[in-house]
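Shown next, in structure tokens, is the structure this report addresses.
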Amino acid sequence: MHIVNARLRQRSELFELKIDNGVFTAIETQTGPIEASADQLDAGGKLACAPFIEPHIHLDAALTAGEPAWNESGTLFEGIERWGERKPMLSEADIRQRVIKTLNLLIGNGVQFVRTHADTSDPSLVGLKTLCALRDEFKDKIDIQVVAFPQDGLLSYPGGDRLMEEALEIGADAVGGIPHFEYTRELGVASMKRVIELAMKYDRLVDVHCDEIDDPNSRFLEVLACEALFNDLGARVTASHTVAMHSYDNAYCSKLFRLLKQSNINFIACPTESIHLQGRFDTYPKRRGVTRVKELDAAGINVCFAEDSIFDPWYSLGNGKLLRTLDFGLHICQMMGYKDFSKALSLVTDNSARTLNIEDRYGIEVGKPASFNLLEGEDDYSVLRNQGDVLLSVRHGETIMQREPAKIVTPPWIG
Ligand code: 17E
Ligand code: FE2
């Protein structure tokens, strides 16, 4: 494959990209636009960007909103309750058809890497087993990491610890946790220590649902970061949500950031999910309930955006479009300056790659797998503003998705 007239992020020139055996073999600047020959692909000045990444989604619960009942309050806690009613109806066939539909939605929107949570608070572990099987089955189409996620508590749910170990033995890629939902602060702290212990025992990544509550006293992030630091695991550890940080006292937060920076852990914020689920116990003023993305980023701490849900008991919208999540996230976190827009795509691409520990095989660089999207725009700012669909998705040198740009047939133009 040979692409001409492509733009790359943070560069103003046009580029030629050469691909052989699924790998980028040359990336060369052009002196001007080139007439594409029959065997070349003309990018037409559009942005070639590393694939979108969905670093945090609950595929086992996707497409189950309203089954058997809707989450009327819009709280995380009612979501957990409604999901608890759906869980007994899970079967391998049910999960498979919903996950495949959702993966196709993601692939159609230029996502080539996914980290999914699989609920282990279920003695059958059917969700986890099915997600691990689908991960292996579709490994040539999409990269999937499965997090063993103890939705009802690692230590508070009966047998939670044993189910977690079983999940890791089956082959989960990462250990999860939910300290703010454990019965007591002590169990929450103990669960964080246990998560790190298990990650070391089984040599896995860590991704914890950490402090997903508007409670300024929910301080499990400091425990997770400290354990990561003391065990030199930071880059392999992710704190998801951390919405309590929105409500932390600024002085505490200032002290906390020193530890976060030293620990080198990663952060995932889910802006659409959290703006919906959080602030539900407030009247007015109503907290936004999204973690301090702008401040984390400014401090040089790695942070990325995720959807979290697609039509599930927690959130009944969602469509696999990371540009939508990015748009919401930048608004909610007030990252609306020119500099923010100029590097916005990092929040759904490069930063997510670092979170997933896939940097060695991600990015438009000679020698790396030739995977990229062609986007509607020429740089981060215009792609964000256009909110266009992904035009082309290439994975390891193969076109896996291509679409015609949307076009108005009868223009309403005036003048
Ligand atoms: N489970 C949870 O604890 N938090 C969430 N945001 C979702 C599931 C979607
Ligand atoms: Fe989540």
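All of the numbers you see were taken from the coordinates with simple rules; none came from a lab. Note that this is a predicted model, so its numbers are computed, not measured. So basically every Cβ, Gly included, is an ideal-geometry build from the backbone, and we count neighbours across all protein chains shown.
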Give me the residue from region 261-285 that is closer than 16 Å to G300 by Cα and within 20 Å of the chain's Cα centre (by Cα) and, out of that set, surrounded by the fewest Cβ atoms within 10 Å (Cβ to Cβ).
N264
Starting from residues that are within 16 Å of ligand 2 (Cβ to nearest atom) and β-branched (V, I, T), keep the ones in region 165-220 and report whichever is farthest from A353 (Cα to Cα).
I213
All positions within region 35-64 that are part of a loop (DSSP other than H, G, I, E, B), in contact (Cβ under 8 Å) with a residue 24 or more places away in the chain and away from ligand 2 (no atom under 15 Å from the Cβ):
A36, D39, Q40, A43, G44, G45, K46, A50, P51, L63
Being of a type in the set (G, A, S), surrounded by fewer than 17 Cβ atoms within 10 Å (Cβ to Cβ) and either within 18 Å of V383 (Cα to Cα) or touching a strand residue (DSSP E or B) at 6+ places or on another chain (Cβ under 9 Å) (or both) is the filter here, so list the residues in region 1-42 that pass it.
S12, G22, A26, A36, S37
Looking at the structure I just gave you, is L155 touching an Asp or Glu at 6+ places or on another chain (Cβ under 9 Å), farther than 30 Å from L134 by Cβ and not aromatic (F, W, Y)?
no
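For every residue, the table says whether it meets (1) within 15 Å of ligand 1 (Cβ to nearest atom); (2) touching a Phe, Trp or Tyr at 6+ places or on another chain (Cβ under 7 Å); (3) among the aliphatic types (A, V, I, L, M).
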site	(1), (2), (3)
Q97	no, no, no
L105	no, no, yes
G110	no, yes, no
K129	no, no, no
L134	no, no, yes
